Structure formats: structure tokens, C-alpha cells
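Here is the structure we will look at.
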Amino acid sequence: MFKSSLVISTADAGFDALAFKGDFEEGIELAKKLGYDAVEIAIRDPDLVDWSLLKKILEKEQMPVSAIGTGQAFLVEGLSLSSNNENIRKKAIERIKKHVKFATFIGGLVIIGLIRGFWKNDEGTKEKLKASIKEIGEFAKSEGVNIVIEPLNRYECDNLNTVEEVLKFIEEIGLSNIGVLADTFHMNIEEPSIETSIRKAGKKLFHFHVADSNRWAPGSGHIDFKSIFETLKEIDYNGYISVECLPLPNGEEEAARMALKTIRDCWIP
Ligand code: LER
Ligand code: MN
């Protein structure tokens, strides 16, 4: 079944309640108005968010949450699940556990992208990341929440760049509630074949981000969404297709509208 979602851009979650409400309300209303089925939201720190206010807005618009992004905690605060600094690593683990709790209240799966930090210059290691994700994954399992690890391109992150690397990493951890989030923008840079990687992920593919090759709205570049969606149908993918693109070519609303039209047209031949 085709289920669309829109990543709504919000100011840093640490902003005051009014900015927070305005940002989220506008984004959720826009997604609803354009015909999306759900929204994906980025939250730096769930403690800085008014949980009931956000839930009220979502319920008013009858919009579920597909996923919760966590990367701001790395970008703004430098928290890293791979860190060799135990203080930083523990803080990152506690933060993501809070996101898991937040997910039990608001819905959606929890994304591990940039929060895994870097391995270069001895900043962090695979072993530390594995220990962190095992701890988070076990906690999330007891809370009934799914975690997804997103392969990111080499220019943004120096580890787990491909679907295959993430699959191997997940297998080593061995928890059924941890899966892959594949993003067409990153895949276009790193995967030898996007379709082959989707087939390899199979049932481990829990979530899917779409942007075109230039990270503009799908339909603005040269990614073959028809072929990719055929492959998603082939593996019986039943998660969301979540639009995560730049506000291009013509601003946020136009990009979101164009993206939904492209992905719908490519899904339903
Ligand atoms: C997040 O989903 C993503 O794709 C990264 O590029 C972080 O910005
Ligand atoms: Mn993404």
C-alpha cells in the first residue's frame, strides 16, 4: 500500500513554545492540505518539546507520525553514539532513550543517522557504536518501538555509508526491532545499484526517504523512481515513503506538492 509522509522542517526544538507550535502546526497543516498521509519530525531534545501540545495538533489534523529524526542532537550538541568519550556517549544514549519514550507517546520509529557520530581521528569506534545501539535497541524493544539506522553518504558521515554495511551491523546486533532507513539521495551516491540494495534489505527495510539526485523534489533530477518503487513492491515494502528534500525548485510548498505528485504517479502506474 502507498503511504506518503512529509519531513517537516522545524526550527531547533529548543525554541520557545510559540515558535515550536507555529513551526509544527504550519508543517502539519501543509502536509495535510497537500494530501500526505503522515509527517516525519526532527526533535533535538524531547525534554524541550511540549508533548501534549504536539499530540493535540496531530490529532486535530488526524496526522500520524511516521518517524522521529534525532540528528540535531549531534549537529547542535555534538552528542555521538560512537564516541570514545564515555560522558558524551552516555549522554547520547540517554537522549535517544528519551526519543524512544517520546515515540511511545507520539508514534513513529526512531532514526539513527548523524547521531552515530564519526570514527575518524579516534573520535569514536564501531565497537562503541555497537554497544550503544544494542543498549538502545533492547530498551526500544521493551517499549515496543522500532529503530532504524540510515546509511549516509561519505560527505556527511564516515561510517555505515551503504545498505550492505548497515545490514551487516544490524545482523551483528541481532535485534528484530532494528531495521534500515534507505534514502534515495544517499543511495544515489553510495550504492552500486539502488534496486539491488533494496532487494538485499528486504524485510529489514523499515523506512524510506525520497529526494531526487540533486536532493530537490522527486521529479527534478535523474533518479528512476518508477524502477525503485517496482522493487519496493517486489519486496512487499509496507512502510512510508517519506519526502525529505530541499525546498527546491520552487520553495517548500511547491517542492512538497511536486514530490507527492511524482511519487504517487510513479507508484501507481
Ligand atoms: C537525514 O535523514 C539525512 O538524510 C541526512 O542527510 C542528515 O541530514
Ligand atoms: Mn534521509
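Every number in this text was worked out from the coordinates using simple rules, so none of it is lab data. This one's a predicted model, so the numbers in the text were calculated from it and none came from an experiment. Here the Cβ positions follow ideal geometry from the backbone for every residue, glycine too, while neighbour counts run over all protein chains shown.
Summary table
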{"quantity": "Compactness of the stretch 3-266 - radius of gyration and Dmax, Cα, Å", "calculated": "17.4, 48"}
{"quantity": "L53-I235 pseudo-label distance in nm [points 7 Å out on the Cα-to-Cβ vector]", "calculated": "3.9 nm"}
{"quantity": "Percent RCO, i.e. relative contact order, over the stretch 38-134, from Cα pairs under 8 Å lying at least 6 residues apart", "calculated": "34 percent"}
{"quantity": "Net charge of neighbours whose Cβ lies under 9 Å from the Cβ of A211, counting Lys and Arg as +1 and Asp and Glu as -1", "calculated": "-2"}
{"quantity": "The chain, relative contact order in percent, only Cα pairs under 8 angstrom and at least six apart counted", "calculated": "16 percent"}
{"quantity": "Lysines with Cα under 16 Å of K203, excluding same-chain neighbours fewer than 8 positions away", "calculated": "K168, K233"}
